[in-house]
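Here is the structure we will look at.
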Amino acid sequence: MTHPPDAALHRLIQRLLPPFEQRGMDLSLERMHRVLSALGDPCGNTPAVQVVGTNGKGSIACMIHSGLSAAGVKSGLTTSPHLVSWCERICINQTPITLVELHQRLQALEPFAEEHHLTTFERLITAALMHFEAHDLDWLVLEAGLGGRLDATTAHPQRPLIAVGAIGIDHREHLGNTLTAISREKAAAISPGAHVISAAQLDPVRAVLEEHTRMVGATLEWVEPLPDAWDLGLPGTLQRHNGAVAYGALQEIRRLGANISEPSIREGLAKAHWPGRLQTVLWNERPIRLDGAHNPAAAAQLAQERASWCDRQQAQIWILGIQAHKQAPEMLQLLLEPNDFAWIIPVPGHQSWTLDRLSDACPNLANQMERANDVLEVLNRLASAPGSWPNPSPLIAGSLYLLGELMAQRIIEAK
């Protein structure tokens with residue numbers, strides 16, 4: 001049987017996934033419950049680690065999955081968003097679903113999705129469970145979307161383990177305006193009897209996690225950052241915290257009966273790969289750093305990481321594309337030191353913060369910013385300027401969609 005070429009498959013898949021702007025955000029579990037029931041509850045008896053939080057969810061999920069794969073445990077992983085291809089969101093033991101398989105799953109799901117008005121994220125999570133069901137897996141790793149209480153992943157009935165990434169302010173229009181409100185939405189994914197693992201959190205978050213786990217009869221385990229002696233595949237000090245959560249989750253999975261050795265856990269964490277998170281890439285053989293930081297909490301973490309490669313007096317060049325609904329002024333105040341300079345660019349295909357709006361919102365930083373049409377314009381200007389390539393390397397941040405566009409167009413390449 002022949003299949004359409006990749007470009008045609010991408011178009012067919014896109015038709016089965018309605019654009020976000022067409023539907024908007026619609027958080028609910030009722031649709032998912034109805035569809036999963038109609039499909040015979042795919043993977044309904046397969047235990048899952050659900051990963052919730054604001055920042056670091058993808059890194060934690062990636063490391064848990066890498067550890068399971070290294071141990072030979074048959075496991076599936078769902079993540080979001082993707083950088084280049086929808087296929088990145090659904091993996092089995094490090095192997096992404098193929099375009100052909102994804103199209104087949106979405107096509108089989110289409111009548112149910114239309115009948116029950118599934119969102120794009122709900123379609124993808126359901127397609128992932130259908131794919132995992134066909135491969136008879138032992139464990140699932142489900143990265144939640146922006147929520148928890150009403151997130152599509154929370155519809156999965158077997159979540160004995162909840163891994164929690166750093167919780168901060170983001171998606172206020174959907175989750176609430178305070179850290180406590182947002183934390184409650186995230187924590188509400190925790191089911192009775194579940195085991196919850198988290199690294200250190202801000203005091204309001206800690207209070208909510210302790211209150212909710214006590215209320216539902218769950219157990220809560222706090223973990224310390226992994227020591228420097230541990231080899232992690234993901235760069236950055238923050239990954240010591242994420243790695244500790246992943247390590248704790250893998251130990252709990254072992255206690256629940258999976259055959260996972262300590263050496264395989266270490267191997268999995270060392271091999272973990274998650275693009276766009278403090279990643280060094282090349283443009284015309286020149287180094288650039290990438291980071292998907294897109295909210296104030298992530299910007300604060302990135303500012304801390306920056307201290308490991310240069311001091312406050314050194315000039316860091318930022319190339320920032322930030323969606324219009326994000327807290328860009330707060331991000332800039334956290335990122336820009338007095339000698340830094342930021343190029344403000346649009347996020348392709350998305351409403352974005354402009355230089356004028358940012359200058360009005362951050363008058364103290366107005367003389368440290370300039371507009372550009374896109375990343376290539378900035379890179380070409382830096383390359384043609386007198387002197388050598390900037391050191392430290394320019395850093396592109398503000399949106400995973402921006403990074404994905406650079407990778408899709410092959411403007412940058414892995415180092």
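Of note:
- Check on residue 200, modelled with pLDDT of 95 or more and open to solvent by less than 70 Å² (accessible area, probe 1.4 Å): no
- Scope the range 288-304; condition open to solvent by 30 Å² or more (accessible area, probe 1.4 Å) and polar (S, T, N, Q); matching residues: 301, 304
- Scanning the range 126-137 for residues that are within 16 Å of residue 50 (Cβ to Cβ) and open to solvent by 10 Å² or more (accessible area, probe 1.4 Å) yields a single hit, 137.
- Qualifying residue in the range 233-245 (condition: open to solvent by 10 Å² or more (accessible area, probe 1.4 Å), over 26 Å from residue 331 (Cβ atoms) and touching a residue at least 12 places away in the same chain (Cβ under 8 Å)): yes
- A count restricted to the range 314-344 and to residues that are assigned to a strand (DSSP E or B) and of a type in the set (D, E, K, R) stands at 0.
- Which listed residue, of 223, 141, 196, is under 17 Å from the mean Cα position of the chain (by Cα) and touching a residue at least 12 places away in the same chain (Cβ under 8 Å): 141
- Yes/no for residue 13 being part of a helix (DSSP H, G or I), touching a helix residue (DSSP H, G or I) at 6+ places or on another chain (Cβ under 9 Å) and at pLDDT below 95: yes
- The residues of the range 183-206 that are charged (D, E, K, R) and in contact with a helix residue (DSSP H, G or I) (Cβ under 7 Å, 6 or more places away or on another chain), listed by number, are 184, 185.
- The range 257-270 residues that are over 20 Å from residue 160 (Cα atoms) and modelled with pLDDT under 95, paired with ones that are β-branched (Val, Ile, Thr) and part of a helix (DSSP H, G or I) (beta carbon under 8 Å, 6 or more apart): none
- Qualifying residue in the range 59-71 (condition: without any contact (Cβ under 8 Å) to a residue 12 or more places away in the chain and over 21 Å from the mean Cα position of the chain (by Cα)): no
- Per-region count, the range 95-118, residues of a type in the set (Val, Ile, Thr) and assigned to a strand (DSSP E or B): 1
- Here residue 141 meets each of (1) crowded, with 24+ Cβ neighbours inside 10 Å; (2) out of contact with any His (no Cβ under 8 Å at 6 or more places or on another chain) with one exception, condition (2).
- Scope the range 102-125; condition charged (D, E, K, R) and either surrounded by fewer than 17 Cβ atoms within 10 Å (Cβ to Cβ) or touching a Cys at 6+ places or on another chain (Cβ under 6 Å) (or both); matching residues: 110, 114, 115
- Restricting attention to the range 345-377 and to residues that are more than 23 Å from the chain's Cα centre (by Cα) and in a strand (DSSP E or B), the residue that is surrounded by the fewest Cβ atoms within 10 Å (Cβ to Cβ) turns out to be 370.
- Members of the range 305-322 found to be at pLDDT below 95 and either open to solvent by less than 20 Å² (accessible area, probe 1.4 Å) or of a type outside the set (A, V, I, L, M) (or both), listed by number: 305, 306, 308, 309, 310, 311, 312, 313, 314
- Meets criteria (assigned to a helix (DSSP H, G or I), in contact with a helix residue (DSSP H, G or I) (Cβ under 8 Å, 6 or more places away or on another chain), in contact (Cβ under 8 Å) with a residue 40 or more places away in the chain and aliphatic (A, V, I, L, M)) for residue 293: no
- Qualifying residue in the range 246-260 (condition: closer than 22 Å to residue 300 by Cβ, in a helix (DSSP H, G or I) and open to solvent by less than 60 Å² (accessible area, probe 1.4 Å)): yes
- Residues of the range 146-166 that turn out to be at pLDDT below 95, open to solvent by 10 Å² or more (accessible area, probe 1.4 Å) and in a loop (DSSP other than H, G, I, E, B), as a count: 3
- Residues in the range 378-415 that are part of a helix (DSSP H, G or I) and either hydroxyl-bearing (Ser, Thr, Tyr) or open to solvent by less than 30 Å² (accessible area, probe 1.4 Å) (or both): 378, 379, 382, 384, 400, 401, 402, 403, 404, 406.
- Residue in the range 269-287 that is open to solvent by 50 Å² or more (accessible area, probe 1.4 Å) and in a helix (DSSP H, G or I) present: yes
The values are calculated or read from the model by the stated rules, or taken from the named source; none is laboratory data. These figures come from a predicted structure and were not determined experimentally. When we count neighbours, we look across all protein chains shown, and the Cβ atoms used for this are built from the backbone with ideal geometry, even at glycine. We work out accessible area using only protein heavy atoms, side chains counted, and drop any ligands, DNA or RNA first. Shrake-Rupley method; radii C 1.70, N 1.55, O 1.52, S 1.80 Å.
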